[in-house]
1. Using the structure shown, decide if Met422 is within 12 Å of ligand 1 (Cβ to nearest atom) and modelled with pLDDT of 95 or more.
2. Answer yes if at least one residue in the stretch 468-475 is under 20 Å from Leu530 (Cβ atoms), within 15 Å of ligand 1 (Cβ to nearest atom) and touching a residue at least 40 places away in the same chain (Cβ under 8 Å), and no otherwise.
3. May I ask you to list the residues in the stretch 286-323 that are within 20 Å of the chain's Cα centre (by Cα), among the aliphatic types (A, V, I, L, M) and surrounded by fewer than 19 Cβ atoms within 10 Å (Cβ to Cβ)?
4. What pairs come up if the first residue lies in the stretch 417-434 and is in the same structural domain as Thr322 (by TED's automatic domain parsing) and under 23 Å from Leu452 (Cβ atoms), the second is more than 10 Å from ligand 2 (Cβ to nearest atom) and part of a loop (DSSP other than H, G, I, E, B), and their beta carbons are under 8 Å apart, counting only those six or more places apart or on different chains?
5. Could you list, in sequence order, the residues of the stretch 469-516 that are away from ligand 2 (no atom under 16 Å from the Cβ), at pLDDT 95 or above and touching a Ser or Thr at 6+ places or on another chain (Cβ under 6 Å)?
6. Within the stretch 299-307, does at least one residue satisfy the condition of being within 29 Å of Thr500 (Cβ to Cβ) and among the acidic types (Asp, Glu)?
7. Please specify each residue of the stretch 424-466 satisfying the condition of being within 20 Å of Leu161 (Cβ to Cβ), within 16 Å of ligand 2 (Cβ to nearest atom) and surrounded by 24 or more Cβ atoms within 10 Å (Cβ to Cβ).
8. Tally up the residues in the stretch 404-423 that are within 16 Å of ligand 2 (Cβ to nearest atom) and closer than 13 Å to Val320 by Cα, please.
Amino acid sequence: MAVISGVGVSPGRAVGPVVRMPEPVGEPAPDARLSDGADVAAEGARIADAAEQVRADLERRAATAHGEGSAVLEATALMAADPTLVTAAQRKLDDGIAPARAVWEAAAEVAAMLESLGGYMAERARDVGDVRDRIVAVLDGRPAPGVPERAEPFVLTARDLAPADTATLDPSTCLALVTAEGGPTSHTAILARALGLPAVVAAPGISDVAESTVVLVDGSGGTVETDPSPGDIDAVRAAAARERHFDGTGRTADGTRVQLLANVGDPKGAAAAVGIGAEGVGLFRTEFCFLDRAEEPSVDEQAEQYLAVLEPFKGRKVVVRTLDAGADKPLPFLTDADEANPALGVRGFRTAARHPDVLDHQLEAIARAAERSGAEVWVMAPMISTASEAASFVARAEAHGLSSAGVMVEVPAAALTADAVMEHVAFASIGTNDLTQYTMAADRLLSGVAELNDPWQPAALRLVRLTAQAGARQDRPVGVCGEAAADPALAVVLAGLGVTSLSMTPRAIPDVAEVLLSVSIDECARLAQLAVDAPDARAAREAVRAQLPTP
Ligand code: PEP
Ligand code: MG
């Protein structure tokens, strides 16, 4: 048995054999030529056979995949069946170009042609790239790119995962994700949390673990154990088989209320939140509705989009966050692409100085959607740094009739001046993802600093406590809506620091609810003190987890 350390980014434990994600197909050398005396006709037939193999494989997979994954595969299979790419590649063989290179170059021409047609055809250009990679893999005798198919459940390991890699990931066979690279807010992390899969990132040691080795992944502790004991395997499997339910009222063992809310970005997320019984929404990331937009969406369109998320929560609380554009979430109509340090640049509420109209339009749209939905709508601004900014946002929200206006505390300055900030707002919500990044001066997307960028860092927890204490003094609710809230052990600590609500990916709610119910609020406070006094994040996590039941 050996233990590989990384950063746990999606809680839970799973055990299964390793299946490795194939390395991406690289561009064949530009000067790759057919060997002297090669049979051009036979090589041309090889390209056609490879394309046919790819088409058949994709169609077979489409037939067994579900929903969106099946549609993606079908669209790609159609592209593989289209003779344009094969014919163009075969023509290049006449110039002596090697088959894989010929397919690569032909694909670039076909993609450019589709892009020039615009609209639906332009969107298909991406499928050409996928088909190209698959044909090249067949020609080179390598495994097909993308998530491998297996009949038995497995733990997927990879260098890193791109969103396209994971479009067809099936959570009924993939038990957990482990990547050598990636940071806590990388695509792997976000996807894993959305699917409820335990995940560990920034674990370079995973690259040395052979295919089929049985591993135990602990997504809370950030470890991967190879060849675990039969006892540990049984314990993990028994826990996974146990159904967890949330009864709709988050509380500790002594009945202290800790509201359990959901983070959502679209109507699908809202439906998942309702399905799991979330008490409401603690963070609606509105920028997720418009990430692909070059122009500001109209007030009418915004109101429609917001309404679709609010409607299922009639009579319940939904905290709508105004656009958090910038850094890892650029919106071309709001942000400047040329900043040297976008995480420290004009993002979140800061964009309102240059584009006050965009904020006003959004507040108008939120107010309209709120009225029509019957949900209890609160609004908050991201990236607030001073009490003056907080006051300014609240005044703008109130001008649109939005009376429950608050701010996100995710810049250390806001936490350090929480008493002054809190005087102006109805509530605060702590964004631990950014609060940790800015407290530790560690880029949240960079695997090299993932250990620093850990919400268990005692320095970040101290800022959470300062904020919660300021809220208590002024009788204002203070929630946490960063990913930290989804880690059951950390949720206990946050409650112990005085946080009154926790908002997380919907799937995490039952686990967090169960662990909270197992401890009194005094016990939460004692464990919180242990974490705050620890020398670093790892020690804090270990000290607290050792005293809690494993979820
Ligand atoms: C956060 O920073 O913790 C947060 C919830 O906001 P986002 O992850 O969208 O920046
Ligand atoms: Mg943030």
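1. On the way: within 12 Å of ligand 1 (Cβ to nearest atom): no; modelled with pLDDT of 95 or more: yes.
Judged against the criteria, Met422 is not a match.
2. no
3. Leu291, the sole residue that qualifies.
4. Ile430/Val499; Thr432/Pro455; Asn433/Pro184; Asn433/Pro455
5. Passing the criteria: Pro477, Leu516.
6. There is no residue in the stretch 299-307 that is within 29 Å of Thr500 (Cβ to Cβ) and among the acidic types (Asp, Glu).
7. Asn453
8. 3
The values are calculated or read from the model by the stated rules, or taken from the named source; none is laboratory data. Predicted model only: the values in this text are computed from it and were never measured. When we count neighbours, we look across all protein chains shown, and the Cβ atoms used for this are built from the backbone with ideal geometry, even at glycine.
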